[in-house]
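Report on the structure given below.
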Amino acid sequence: MTTRAAKRGSGKSGGKPRAGRKVTPARRASVQGNPLLGKWSTPFALPPFSLIEPSHFGPAFVVALKDHKAEIAKIAAQASRPTFANTIVALERSGRPLNRVSAVFFNLAGSHTSEALQAVEREIAPQLAAHETAVMLNPKIFARVEDLYQRRDRLRLTDEQRRVLELHHTWLVRAGARLGRKAKARVAAINERLATLATQFGQNVLKDEQSWRMVLDGERDLAGLPPSVRAAAARAAADAGLKGKHVVTLLRSSVEPFLQFSSRRDLREQAFTAWTKRGEMGGATDNRAITAEIIALRAELAKLLGYESYADYSLDDAMAKTPGAVRSLLTAVWPAAVRRAAQEREALQERVHTEGGNFEIAAWDWRYYSEKERKALYDLDEASTRPYFMLGTVIAAAFDTAARLFGLCFKELGDVPRYHPDVRVWDVTNERGVHVGLFLGDYFARPSKRSGAWMSAFRSQARVAGNVRPIIVNVMNFARGEEGEQTLLSLDDARTLFHEFGHGLHGLLSDVTYPSISGTSVSRDFVELPSQLYEHWLMVPEVLQRFAIHYRTGKPMPPKLAARIKKARNFNQGFSTVEYVASALVDIELHALDEVKDLDVDAFERATLKRLGMPREIVMRHRIPHFLHIMGGYAAGYYSYMWSEVMDADAFQAFEEAGDAFDPETAKRLKKYIYSGGNARDPHEAYFAFRGRPPQIAGMLKKRGLDG
Ligand SMILES: [Zn+2]
């Protein structure tokens, strides 16, 4: 996924401070010595991380918000007739200090947080929301944009300028610019409250993940766990101050391998139950009441803005356009997925019986028995693939693919600022040796990091105020190898690395004028195209041949193993599709609700799943109380992954049709229209320009093995 920090970094009100401002004594005091506000004379103008303390953020936000307010007031107060330059360009150039401080803050809040940062986050999130609302609902700003919008045919704008003008207009209208005063005040109050609630929701999930752990004491508790999982558990124990023991945590990277391998059914049940109850454990971190309030406020917001439901409101601005379109995609896949999952379940139950087990498969058994089933059917298990995916070589494979497709070159930098010693930094150049941007890789799990994997930006590409080059970061939660040992990735981890790197390229290759349309600032159901598409190259035979190297022997992956991986590609896809589509459908139905007063989140989730015919042995990939996606930017948007998947499967076919996974002509179009394009074109048009036709669903169904 991509994050809010990335969005804010290229924010809808990006730009640059004006020169010649009066400096008052109070202002001088808060600016002086605050590294967030001064000029950054670091290499590549990276944030001076070593100088930044949590206590700097509060005062820096105060100054940056004040600056931006003054800039907006000045744009609004102009006596001259609106022009593209004095209005849209001015808006695009405004708020640069705010974007800079926000980008540093939200990146750290996600990847290296602390009690102190979390306290700042709780305080600043509603203030930022209030500020953003005030800008968006400023009547004079809207009057100027509206005036330009009405005259857009006569303004002699370039295609990009026209697109940016239309987007600004859309954003303002969607924010409520056409509402009366009373309604606007209510919108502002709702936004502020939503920001507070979403922050609380995320912090609660993190707290539940941090506070739960299962200590494995001795060989009996470790039964079934292969060396890599034991090593990660030993590391987690050391992190928790329990050196010499083994610990399972609720991070996906910890609990999922445990569920795959532990032969202790009782421990699997304990771990799985805790994992699926994050945000629902009662007490101060329980997210159910928060969720109910968020859903009610969103529904009210949508009504105020003239939409039937929040899903209608949210999707109106996406490729999908309507909840109906989302439902048709998801329900087209659902029955086949459930059928396939039922077959998978039969096979797993059979395995339980042949092993002498006398119980019905439960949710905490699925991963364990499907791992065995995979081994039996395809002679393929984690243990046989992991030695071929060293973290270092998978990174090299991702870079090499970018070199072959897009001419990029990556050179690691030693002595540059970074926010944690684990972070690696690369200078990215193009085929002419020109600096493109910086790429930061932050790969290992740690307690100060939220779970999951994401791409974000410390700075987004734009040209409206100088040639601003991007600083892009990929954050993962891989379990680090033992001291002095290589970190070995599962096949899924390797795919995740390629996925986030695809988002990273979307940020790095961005080639637009205006910050608000830079890189990943695109429609949510389009943004997963560059990332999911990139995953395809991991499994290209020549990439495996060169980069899937055994960490001990140095030999490439045997072709027979690669073939078995390929053959096993659709294995367990019933399960994966069901856990994903169930989450996506619950998300849409939750945001399409008409009656949201006193919503009982549990009852709603249960009833929706029952109506769908959710298999008893499968749990949603993200249950509502810890569904971080939909509390942040992916509200009514979790379907986006599958929407994008229709395009990524179809897009990769273009290379297959060309007979070369690196076909230069196809790669050129891909770069121009998709990876470099930002939001400069309507996403339907961008895809059409790349492919020469709209995407077809057949490729996705085939990819998931649901076509037969
Ligand atoms: Zn993603």
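Annotations
- Check on Asp159, open to solvent by 50 Å² or more (accessible area, probe 1.4 Å) and of a type in the set (Asp, Glu): yes
- Close pairs from region 166-178: first more than 16 Å from His131 (Cβ to Cβ), partner among the charged types (D, E, K, R) and not in a helix (DSSP H, G or I), Cβ under 6 Å, at least 6 apart: none
- Condition check for His420: at pLDDT 95 or above, within 20 Å of Leu51 (Cα to Cα) and open to solvent by 30 Å² or more (accessible area, probe 1.4 Å): yes
- First in region 517-545 and charged (D, E, K, R) and open to solvent by 10 Å² or more (accessible area, probe 1.4 Å), second anywhere and part of a helix (DSSP H, G or I) and near the ligand (Cβ under 10 Å from one of its atoms), Cβ under 8 Å, 6 or more apart: Arg524/Ser640; Glu535/His499; Glu535/Gly502
- Screening the candidates Glu132, Glu123 for the property of being in contact (Cβ under 8 Å) with a residue 40 or more places away in the chain, among the acidic types (Asp, Glu) and farther than 30 Å from Glu280 by Cα yields one hit, Glu132.
- Single unsatisfied condition, Thr577 versus (1) within 18 Å of Val394 (Cβ to Cβ); (2) in a helix (DSSP H, G or I); (3) away from the ligand (no atom under 16 Å from the Cβ): (1)
- Glu308 under 30 Å from Arg186 (Cα atoms), part of a helix (DSSP H, G or I) and open to solvent by 60 Å² or more (accessible area, probe 1.4 Å): no
- Of all residues in region 489-502, those that are in a helix (DSSP H, G or I) and open to solvent by 30 Å² or more (accessible area, probe 1.4 Å) have Cβ atoms under 6 Å from Cβ atoms of residues that are within 11 Å of the ligand (Cβ to nearest atom) and not hydroxyl-bearing (Ser, Thr, Tyr), 6 or more apart or on another chain, in Arg495/Glu535; Thr496/Ala453.
- Cross-chain or 6+ apart pairs with Cβ under 6 Å, region 651-679 first and under 25 Å from Gln461 (Cβ atoms), then buried (at least 22 other Cβ atoms within 10 Å of the Cβ) and among the polar types (S, T, N, Q): Gly678/Ser510; Gly678/Ser518; Asn679/Ser521
- The single condition from (1) over 26 Å from the mean Cα position of the chain (by Cα); (2) farther than 22 Å from Ile75 by Cα that Thr196 fails is (1).
- Against the conditions (1) assigned to a helix (DSSP H, G or I); (2) more than 16 Å from the ligand (Cβ to nearest atom); (3) of a type in the set (Gly, Ala, Ser), Ser583 satisfies every one except (2).
- Of the residues in region 597-618, not one is within 16 Å of the ligand (Cβ to nearest atom), in contact with a helix residue (DSSP H, G or I) (Cβ under 8 Å, 6 or more places away or on another chain) and not in a loop (DSSP other than H, G, I, E, B).
- For Lys207, the test of being open to solvent by 50 Å² or more (accessible area, probe 1.4 Å) and part of a helix (DSSP H, G or I) is passed.
- Failed item, numbered, when Leu590 is tested on (1) open to solvent by less than 30 Å² (accessible area, probe 1.4 Å); (2) within 16 Å of the ligand (Cβ to nearest atom); (3) part of a helix (DSSP H, G or I): (2)
- Among the residues of region 596-624, those that are touching a residue at least 24 places away in the same chain (Cβ under 8 Å) and either β-branched (Val, Ile, Thr) or touching a strand residue (DSSP E or B) at 6+ places or on another chain (Cβ under 9 Å) (or both) comprise Val596, Val601, Ile618, Val619, Ile624.
- Any chance Leu242 is more than 21 Å from Glu382 (Cα to Cα) and not in a helix (DSSP H, G or I): yes
- Residue that is more than 15 Å from the ligand (Cβ to nearest atom) and open to solvent by less than 10 Å² (accessible area, probe 1.4 Å), where the choices are Val464, Val473, Val512: Val512
- Output for region 515-553, where each listed residue is within 16 Å of the ligand (Cβ to nearest atom) and not in a helix (DSSP H, G or I): Gly519, Thr520, Ser521, Val522, Ser523
- Filter result for Ala236 (within 27 Å of the chain's Cα centre (by Cα), at negative phi, at pLDDT below 95 and open to solvent by less than 30 Å² (accessible area, probe 1.4 Å)): yes
- Flag for Gly633 being open to solvent by 20 Å² or more (accessible area, probe 1.4 Å) and in contact with a Lys or Arg (Cβ under 6 Å, 6 or more places away or on another chain): yes
- Residues being buried (at least 22 other Cβ atoms within 10 Å of the Cβ) and more than 26 Å from the chain's Cα centre (by Cα) - total across region 599-613: 0
- In this entry, Ala77 passes the filter for residues that are at pLDDT 95 or above and open to solvent by 30 Å² or more (accessible area, probe 1.4 Å).
The values are calculated or read from the model by the stated rules, or taken from the named source; none is laboratory data. Model, not experiment: these values are computed from the prediction. Backbone-built Cβ (ideal geometry, glycine too); neighbour counts: all protein chains shown. Accessible surface areas use protein heavy atoms only, side chains included; no ligands, DNA or RNA. Shrake-Rupley method; radii C 1.70, N 1.55, O 1.52, S 1.80 Å.
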